[in-house]
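Asks: Structure in structure tokens, see below.
Since every read-out is calculated from the coordinates, none of them should be taken as a lab result. Predicted model, so just to flag it, every value in this text is computed and none were measured. Please note: Cβ atoms are built from the backbone with ideal geometry, for glycine as well, and neighbour counts cover all protein chains shown.
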Amino acid sequence: MLIAMNAQHQLVNAATADRQIEYYCPGCVQPVRLKRGAVIVPHFAHVHATDCDAFSEGETTDHLRGKQQLATWFAASGYTVRLEAGLPEIHQRPDILVRRGTAQPLALEFQCSPLSVE
Ligand SMILES: [Zn+2]
């Protein structure tokens, strides 16, 4: 996951997160660890194995990088962007939620693994 929650329930991007602060999963509120280095895409991972419904730990580097790149592109194109925004009224957490002006928000899912035609 690219976004985690601090103790004040503010959402923080892994790219700008402070290493000295504790973070929590916005979905299950369990502790997460900041993973950021020279090679890996900055992200958070649950400290302990969990059956979190909101975030699986199976996100690949390509998936994390793709979500971040799409968010950056939409933001630079004038959209308001929310990464991994929870939508409790429909129990969904799209990769990216974009909105331009007063238009309806658009939920985007970044798919970077093969899908069959079916
Ligand atoms: Zn979780």
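Asks: Read phi for every residue in the stretch 101-118 and hand back ³J(HN,Hα) as whole Hz from Karplus 6.51 cos²θ - 1.76 cosθ + 1.60, θ = phi - 60°, with x for Gly and Pro.
Replies: 3J(HN,Hα) across the stretch 101-118, in whole Hz: x, 9, 5, 4, x, 10, 8, 10, 10, 8, 10, 10, 10, x, 10, 6, 4, 5.
Asks: For the stretch 56-106, run through the GluC sites (Glu not before Pro) and keep only the ones in DSSP coil with at most 13 other Cβ atoms within 10 Å of their Cβ.
Replies: Listed in order of number, the matching sites are Glu57, Glu89.
Asks: Taking H as built 1.01 Å from N, whose amide H comes closer than 5 Å to the amide H of Val47, not counting residues under 5 places away?
Replies: It is Val32, Arg33, by chain and number.
Asks: Let me ask you something else. Go ahead and run the numbers for FRET between Asp53 and Ala7, Cβ-Cβ distance against an R0 of 22 Å, rounding to 0.05.
Replies: In this case the efficiency is close to 0.50.
Asks: In whole Hz and in residue order, list the ³J(HN,Hα) couplings for the stretch 18-35 that follow from phi through the Karplus curve 6.51 cos²θ - 1.76 cosθ + 1.60, θ = phi - 60°; x for Gly and Pro.
Replies: 8, 5, 8, 9, 8, 10, 9, 5, x, x, 10, 6, 7, x, 10, 10, 6, 10
Asks: Could I ask something else about it? Between helix 61-76 and the chain, what is the angle of the helix's C-alpha long axis to the longest principal axis, kept within 0 to 90° and rounded to the nearest 10?
Replies: Once rounded, one gets 60 degrees.
Asks: Net charge near Gln69: determine it from the other residues with C-beta under 13 Å of the C-beta of Gln69, scoring Lys and Arg +1 and Asp and Glu -1.
Replies: After counting each charged neighbour, the total is 0.
Asks: Here is a follow-up. Could you state the orientation-averaged shadow area of the convex hull built on the Cα atoms of the chain, in nm² to one decimal?
Replies: Averaging across all directions leaves 9.1 nm² for the Cα convex hull.
Asks: Still on this structure, I have one more. What relative contact order, as a whole-number percentage, does the chain give when Cα pairs under 8 Å and 6 or more residues apart are counted?
Replies: That works out to 18 percent.
Asks: As a test of the formula, what do you get for the chain when each DSSP H run with n ≥ 4 contributes -39,500 (n - 2.57) and the sum is divided by the residue count, at 222 nm and rounded to the nearest 500 deg cm²/dmol?
Replies: Per the formula, -4500 deg cm²/dmol.
Asks: Moving to a separate point now. How much net charge surrounds Leu106 when only other residues with a Cβ under 10 Å from its Cβ are counted (Lys, Arg +1; Asp, Glu -1)?
Replies: Here the charged neighbours net out to +2.
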